[in-house]
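> Take a look at the following structure, please.
The values are calculated or read from the model by the stated rules, or taken from the named source; none is laboratory data. What you are looking at is a predicted structure, and each value in this text was computed from that prediction instead of being measured. Using ideal geometry, Cβ is built from the backbone for each residue, glycine included, and neighbour counts are taken over all protein chains shown.
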Amino acid sequence: MATFKYNPTTPSRRHMSAPSFEEVTKFEPEKSLLATKKKNAGRNSYGKITVRHKGGGNRQKYRLIDFKRQNSSPATVVGVEYDPNRTAYIALLQHEDGKKNYVIATAGLRDGDVIYSGADADIKVGNTLPIENIPVGTFINNIELYPGKGAQLVRSAGAAAQLMAK
């Protein structure tokens, strides 16, 4: 169990929950990977308010995230961005063929890193490979329940699962 020692030079725990944007390196989203996001504001399919006190806020665009990672060509991390729709940061990848896509940024992913997808990828931060090729004890995130369905588990910020057995 981690303990918190009081130090008068550090801010109180109450003020430590604000996100620090130290990891963010890109501040404008990729236009081709944006989709409009409709606000329903507590209304049902007939437009009638069914949940009160909803609505307002800033307009958000949805970032199209690639949860399947089936492109096997190496990709370079162009930038790490803030995503208003989720707690985790997202990374913009550019593949060798020029195609770009967003993925959930794993902790430790930096600009210029080259990441790989496929069974022959190394055990390295950001790489995607089948569970049978991952050694027991490794911390992983963005887990598919069924092959080809896309990541469904362990997708939020700071989340990690440890592979215990196969």
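> So Thr87 passes all but one of these: (1) surrounded by fewer than 17 Cβ atoms within 10 Å (Cβ to Cβ); (2) assigned to a loop (DSSP other than H, G, I, E, B); (3) over 13 Å from the mean Cα position of the chain (by Cα); (4) of a type in the set (S, T, N, Q). Which condition number does it fail?
(3)
> Still on this structure: Residue pairs, Cβ under 8 Å, 6 or more apart or interchain, first in the range 133-147 and touching a residue at least 12 places away in the same chain (Cβ under 8 Å) and farther than 19 Å from Gly158 by Cβ, second loosely packed, with under 11 Cβ neighbours inside 10 Å and among the basic types (Lys, Arg). List them.
Close Cβ pairs satisfying both conditions: Val136/Lys166.
> Kindly list the number of the only condition in (1) closer than 20 Å to Ala151 by Cα; (2) under 17 Å from the mean Cα position of the chain (by Cα) that fails for Gln60.
The number of the failed condition is (1).
> When the residues of the range 156-166 are narrowed to those that are at pLDDT 90 or above and in a loop (DSSP other than H, G, I, E, B), which ends up nearest to Ala105 (Cα to Cα)?
So, considering only residues that are at pLDDT 90 or above and in a loop (DSSP other than H, G, I, E, B), the one nearest to Ala105 (Cα to Cα) is Leu163.
> Answer yes or no as to whether Gly118 is surrounded by 13 or more Cβ atoms within 10 Å (Cβ to Cβ) and over 17 Å from the mean Cα position of the chain (by Cα). I'd like the intermediate steps shown before the answer.
Values: surrounded by 13 or more Cβ atoms within 10 Å (Cβ to Cβ): yes; over 17 Å from the mean Cα position of the chain (by Cα): yes.
It is true that Gly118 is surrounded by 13 or more Cβ atoms within 10 Å (Cβ to Cβ) and over 17 Å from the mean Cα position of the chain (by Cα).
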